[in-house]
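The values are calculated or read from the model by the stated rules, or taken from the named source; none is laboratory data. Here the structure is a predicted model, which is why all the values come from computation and not from measurement. Heads up, the Cβs are rebuilt from the backbone with ideal geometry, glycines too, and the neighbour counts pull from every protein chain shown.
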Amino acid sequence: MNVLTQIRRTWFDLLTAVQFLTRVPVPSVPYEEYSLARAVKFFPIVGSLIGLGSMLLYRALARHLPLAIVALVIVVYLVAITGCLHEDGLSDSADGFGGGGERDNVLAIMRDSRIGTYGAAALALSVLARVLLIASLPRTQAGAYLIAAPVLSRWTTLPLSFCLKPARDQNPDDGQVDGQGARIARLTTSGSLIFGSLLAFAIAFALLRLRALVPILISGVVTLLTGLYYKHRIGGITGDCFGATNQLAEIAVYFSGVWA
């Protein structure tokens, strides 16, 4: 593969990451079977772009409005720019793990498009937690945490997809595993994991200096605990699980900023 081809593929991988994680219009990208698996290494960069918008909103509004209102506007922005991608994963996971018993029941409930009590409660608590925590961030560090949180929460996809297999079984007709999670589960390479991790941690340290150690550590703990739970309950991971861990890690990073 020559240099120009490599640059072209890298550009397409970045566009794929933006296209998958946001509702931002981007040029169309030629479909390739493993394009999303290659694109996960750029998820932290997409997180930084999302967080940059949050920071700009905070700086523009914090001098003129109560911080609770500013935080609510930021959460609305986060929901809109991602198209509720991670909120959907959190609610489906809450319904599945909360209402299901055996593995097959959990996966069936996750696939159901209707939202249940557990899912509704998880969504309400997620929005409430983010509004309260963002409003409580120290003003001098709020912008840094508003960028670091989406960066580290998107990073969680890398170790989860590297370590865990798809939870759903293969289709006996074509041998393919269905679901969004199957497009990256166990398909993330060690190179992508290392590159994406270094990128995410470098951004966090650039923003927070040594204070980045706690958010990085807490994101890793959330990733480890949720990954072990998914493996125990359903034997692998789904796209909804990726979204749920993302939401939990984002909240945890905001929490670490308030705690600090």
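Key figures
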| read-out | value |
| --- | --- |
| Residue check for Y77: over 16 Å from the mean Cα position of the chain (by Cα) and among the aromatic types (F, W, Y) | no |
| Among (1) closer than 22 Å to S161 by Cβ; (2) free of Cβ contacts under 8 Å to residues at least 24 places away in the same chain, the one test that R8 misses | (1) |
| Output for region 83-96, where each listed residue is surrounded by fewer than 17 Cβ atoms within 10 Å (Cβ to Cβ) and in contact with a Phe, Trp or Tyr (Cβ under 9 Å, 6 or more places away or on another chain) | none |
| Inter-residue pairs, beta-carbon under 6 Å, first without any contact (Cβ under 8 Å) to a residue 60 or more places away in the chain and in region 39-62, second charged (D, E, K, R) and surrounded by 18 or more Cβ atoms within 10 Å (Cβ to Cβ), 6+ apart | A39/D13 |
| Residue that is nearest to L67 (Cα to Cα), among those in region 95-137 that are assigned to a loop (DSSP other than H, G, I, E, B) and touching a Gly at 6+ places or on another chain (Cβ under 8 Å) | L137 |
| Among (1) in a helix (DSSP H, G or I); (2) over 20 Å from L187 (Cα atoms); (3) at pLDDT below 95 - the single one P25 does not satisfy | (1) |
| Selected residue (only one of L137, L187 is at negative phi and within 18 Å of the chain's Cα centre (by Cα)) | L187 |
| Pair list, Cβ < 7 Å and 6+ apart or interchain, from region 183-200 residues that are small (G, A, S) to residues that are part of a loop (DSSP other than H, G, I, E, B) | A185/L164; A185/K165; A185/G236 |
